[in-house]
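Student: Here you go, one structure.
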Amino acid sequence: MYISIKNRLIFLLIVFTLLPFVLLRIIAYPRVQADLQEVLIRNLDGVGHKQAELVTSWVQERMKNARVIANNPLMVKCAKITKEDKDFADIVQYLEVVKDEYGYKGVLVSNDKGLVTVATAEEGIGTDISQMDYFREALQGNTFISNVFPSEIPLANELGEKELGMPTMFVSTPLKDRDGVVVGVVAIRVDEKTLNDLMLSLHLGKTGETYLVNKDGYMITESRFAAHLKEMGLVKKRCALELKLVNPETGELTSGVQQCIAGNSGFDAKGYKDYSGLTVLGVWRWLPEFNWGVIAEIDRDEGYGAAYNLNYIVSSVLLVIAFPIVIVAYIIGRKTSTPIIKLTEVTKKMASGDLSQRVDIKREDEIGELANSFNVMAKSLDEKTREVVESEKRYRELFNSIKEGIYQSEPGVEGVFTFINKSGAEILGYSSPEEVIGTKVKNIYVDPEDRRRLCEKLEKDGVWREFVSLCKRKNGESFYAERTSNMLRDEKGSPVAIYGVLRDISERKKAEQEITESEKRYRLLFDSLKEGVYQSEPEVDGTFIWINRAGAEVLGYKSPEEVIGMKVKDIYVNPDDRIKVVEKLSKEGVWKGFVSFCKRKNGERFYMERTSNMIADEKGKPVRVDGIFRDITERKKLEEELQESERHHRQLLNSLREGIYQCEPTEDGVFTWINQSGAEILGYGSPEEVIGTRVKDVYVNPDDRKELVEKLEKEGVWRDFTSYCKRKNGERFISERTCNLVRDENGKAVRIEGVFRDITER
């Protein structure tokens, strides 16, 4: 809508003239109002805190009384007492005195089975209370106060009449014998009226009140406005256990009650609807030891009355001042509007985008200042536009310098590339990003279903990290791609784009396949070995009494018959090894994995590994040695080859960009191995500088190491664990890792293995 310069000028004059008053209204007044409101909330919070302390003190006093009764030596008899016992009447009289002296409704004592053995007149002897929470808690050795609940026996109401279902509660404590064994329970039925009087003793203005609420959202003390609530039909007899504190507009618990029974302590200074539909200010404190909440509320209009009055005064003053100012502004606006119109044409040209335009008006007044301001604005906009263009150029150069591919696409299965950096285009076999933009993303997959799975995953979770799929380049060449993708949504939650990072991991996949093939070859080699099985006499000079064919062949004989009868010690290069075996077996009965240097029939020497057992008769006398052995000469050779293979694999691991490491499995464990990339990520020149240092020293928060060890102890693996770490020079970075806990055959943790990468840039 068009507004003339005259009217605009008048408006500006009015605005700037009234600005100090408006600022006073906007800044100073809200601060004063906020201070008043803060004082009220502080006072209200103090009331809630005081009431919570009074309730806690009230409960502790009754718990103390219960313990005093239970500690009376006479009470121990109550666990097994009967009406025929001579002390029964005295104990009942004692309980009656306690009840009347302390103003309780009743006192009872039960045995450890929950049967009431002695009680005051109101309580029934022989009643089974074993299912009551106050009995179970006391039987566990705790002094306990129950929730307020409807009485199971008629109790005197406000009119002195007996009524069933009156609000009541119990304080219970264990009854112990001289040895400290719990033999029963002492329970006191507390008069809830004293708790009501306590909560009603403090008034908050005309509309304020404090009350207790249980975990189900019911008021368990009387409201200050009980009579009014009866008139409204919210309660029939009393508020306790009858009035559920719900917002009448929503039918749900009031905001204060919801916060309170959730275990929170706090306040609401803005106001919420209470159980009667009034907007109130509230403070609440949850008492977890009793499962009660203390709530203090006051009508918002009464609480903020002083602040509202201040608002009326300030608003009235502003209206009185505004009228003459509008008249003066109108007169001045008419006189000064003509030269301002001259600025219109130049301003329109600037608005059309021609920022090279300048206003040529020379005046020594506000109009001249306005013209100068236009010129400064145009110059500033021109410079900022150039900076934005330059910044966009720098960011594109940065993206193109990254080795990983960075891309953005439309969110659907049929979506096309909308952006990709130069590295991404080269990975896909294109010479420039422009060739890729506009092509369908699903065309890069060997299996187009991978695109559908990716879209479904992003729709559900919003992100998919390290998704690996088989893709193809422009020329049809296949390669393995690893990517991390995210779904970008607008403010309404609708998908607008998918953006992510991709890399070619074909070489890594090839290395993994080579390692797998190597492991397969070695496994076949070990599976082809044949062990020798034998029996011999148990003495040092004992002979073979049986051997299998594989064992005979290991020893260089054609058949077992050639071996049977020859001395076992003759196969050792060092005959003392036979003495060691016999002594070890005589002492422990078994020797596993014993390695010795032996010789074949033709004198050829070889390494033998054996496991032997001493067999004894029923009297414990050795009768023979059973054992299994194998020629491990080839294994020794294979171990050397495996060491060479391991060296090759370590070189391969050192060529990877990710950090790979092994460490001790404890919280204070040290690095036992790390590849070159891992050492460089941590800021070291070589793995040797890292090995032997504590792993937890790389964490900014050492508790992250403790959390990782506990997680691995429990689950054995933790994938994509992210933590804040630091390099050797103290520089901080974000690390993402996947770790495994390696255990031996006995289930004992021997080391932690893991892969980590620096994801700070990501």
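Since every read-out is calculated from the coordinates, none of them should be taken as a lab result. What you are looking at is a predicted structure, and each value in this text was computed from that prediction instead of being measured. Heads up, the Cβs are rebuilt from the backbone with ideal geometry, glycines too, and the neighbour counts pull from every protein chain shown.
Student: Which residues does a label at Glu531 reach in region 563-589, if reach means a backbone N under 13 Å from a point 7 Å past the Cα toward the Cβ?
Tutor: none
Student: Give the value in nm², to one decimal: projected area of the alpha carbon convex hull of region 154-231, averaged over all directions.
Tutor: Details: hull surface 32.5 nm².
Its Cα hull, projected and averaged over all orientations, spans 8.1 nm².
Student: Right, here's the next one. Quickly rank 613-622, 264-273 as a protection proxy: mean count of other C-beta atoms within 10 Å, highest first.
Tutor: On the way: 613-622: 11.4, 264-273: 15.9.
Averaged packing, sorted descending, gives the order 264-273, 613-622.
Student: As I understand it, the dipole of the chain uses +1 on the Cβ of Lys and Arg and -1 on the Cβ of Asp and Glu, about the Cα centre. Which of Thr344, Leu212, Trp292 lies farthest toward its positive end?
Tutor: Highest projection toward the positive end goes to Thr344.
Student: Okay, moving on. Taking the Cα centroid of region 201-225 and of region 590-613, what is the distance between the two, rounded to the nearest whole Å?
Tutor: Cα centres, region 201-225 to region 590-613: 89 Å.
Student: Using a Förster distance of 45 Å, how high is the FRET efficiency between Leu488 and Asp697, based on the Cβ-Cβ distance and rounded to 0.05?
Tutor: Working: r = 38 Å, r/R0 = 0.84.
Step by step, r from the Cβ atoms, then E = 0.75.
Student: Which helices, taking whole DSSP H runs in the chain, have alpha carbons extending 30 angstrom or more along the helix axis plus mean Kyte-Doolittle at least 0.0?
Tutor: On the way: long enough: 29-71 (62 Å, -0.43); 305-341 (50 Å, 1.39); 366-401 (52 Å, -0.82); 506-527 (31 Å, -1.66); 633-654 (32 Å, -2.07).
Counting only whole DSSP H runs, the qualifying helices are 305-341.
Student: As I understand it, the dipole of the chain uses +1 on the Cβ of Lys and Arg and -1 on the Cβ of Asp and Glu, about the Cα centre. Which of Val55, Phe225, Ala156 lies farthest toward its positive end?
Tutor: The residue sitting most towards the positive pole is Phe225.
Student: Distance in nm between label sites at Arg600 and Val496, each 7 Å beyond Cα in the beta-carbon direction?
Tutor: Placing both labels 7 Å beyond Cα along the Cβ direction yields 7.9 nm.
Student: Using the Cα centre as the reference, give the magnitude of the dipole from point charges on the C-beta atoms of region 44-95 (Lys, Arg: +1; Asp, Glu: -1; all else neutral), rounded to the nearest 20 debye.
Tutor: Once rounded to the nearest 20, the dipole reads 140 debye.
Student: Given only helices, namely DSSP H runs of n ≥ 4 each adding -39500 (n - 2.57), what is the per-residue ellipticity at 222 nm of the chain, to the nearest 500 deg cm²/dmol?
Tutor: Numbers: 22 runs with 306 residues, N = 762.
So the calculated ellipticity at 222 nm is -13000 deg cm²/dmol.
Student: Using a cut-off of 13 Å between beta-carbons, work out the net charge of the residues near Asp631 (Lys and Arg +1, Asp and Glu -1, Asp631 not included).
Tutor: Details: positive: Lys530, Lys599, Arg600, Arg605, Arg610, Arg630, Arg635, Lys636, Lys637; negative: Glu531, Glu553, Glu604, Glu609, Glu634.
That sum, taken over residues with Cβ under 13 Å, equals +4.
Student: Multiply the residue gap between Glu38 and Lys714 by 0.36 nm, knock off their C-alpha separation, and tell me the result in nm, one decimal place.
Tutor: So the chain would gain 238.5 nm between Glu38 and Lys714.
Student: In addition: Once the Cβ-Cβ distance between Ser380 and Ser431 is put in as r, and R0 is 45 Å, what FRET efficiency do you end up with, to the nearest 0.05?
Tutor: Numbers: r = 40 Å, r/R0 = 0.90.
For R0 = 45 Å, the calculated efficiency reads 0.65.
Student: How much FRET efficiency would the formula 1/(1 + (r/R0)^6) give for Val15 and Lys162, where r is the Cβ-Cβ distance and R0 is 45 Å, rounded to 0.05?
Tutor: On the way: r = 75 Å, r/R0 = 1.66.
Efficiency, from the Cβ-Cβ distance: 0.05.
Student: Obtain the nm distance between the two label points defined at Thr250 and Glu84 by a simple spin-label model: each point lies 7 Å from its Cα along the Cα-to-C-beta direction.
Tutor: Calculated label separation equals 6.4 nm.
Student: Mind pulling up the Rg/Rh value for region 656-758? Radius of gyration and Kirkwood radius, both on Cα. Each step should come with its number before you reach the end.
Tutor: On the way: Rg = 12.6 Å, Rh = 13.5 Å.
With Rg and the Kirkwood Rh in hand, the quotient comes to 0.94.
Student: How far apart, in nm, are the 7 Å Cα→Cβ label points at Arg743 and Thr418?
Tutor: 5.0
Student: Would you work out which of Ser494, Pro702, Ser506 lies farthest towards the positive end of the dipole of the chain? Charges go on Cβ: Lys and Arg +1, Asp and Glu -1.
Tutor: So the residue furthest toward the plus end is Ser506.
Student: Classify the chain as rounded, prolate or oblate, taking a ≥ b ≥ c as the square roots of the eigenvalues of its Cα gyration tensor: rounded when a/c is under 1.5, otherwise prolate if a/b is larger than b/c and oblate if not. Intermediate results must be reported in sequence, preceding the final value.
Tutor: Numbers: a/c = 3.58, a/b = 1.19, b/c = 3.00.
Oblate is the answer for the chain, as a/c is 1.5 or above yet b/c matches or exceeds a/b.
Student: Also, I was wondering about something else. What is the extension gain from Ile628 to Glu345, computed as 0.36 nm multiplied by their sequence separation minus the C-alpha to C-alpha distance, in nm to one decimal?
Tutor: Between Ile628 and Glu345, full extension yields 91.3 nm more.
Student: Only Cα pairs under 8 Å and at least 6 apart count here; give the relative contact order of the chain as a rounded whole percent. Working shown, then result.
Tutor: Working: 1320 pairs, mean separation 43.8, N = 762.
Relative contact order comes out at 6 percent.
Student: Another one. Under the 0.36 nm per residue contour assumption, what length would be gained going from the current alpha-carbon distance of Asp668 and Lys50 to full extension? Intermediate values should be presented prior to the final figure.
Tutor: On the way: separation 618, 0.36 × 618 = 222.48 nm, distance 4.79 nm.
That pair, Asp668 and Lys50, stretches by 217.7 nm at full extension.
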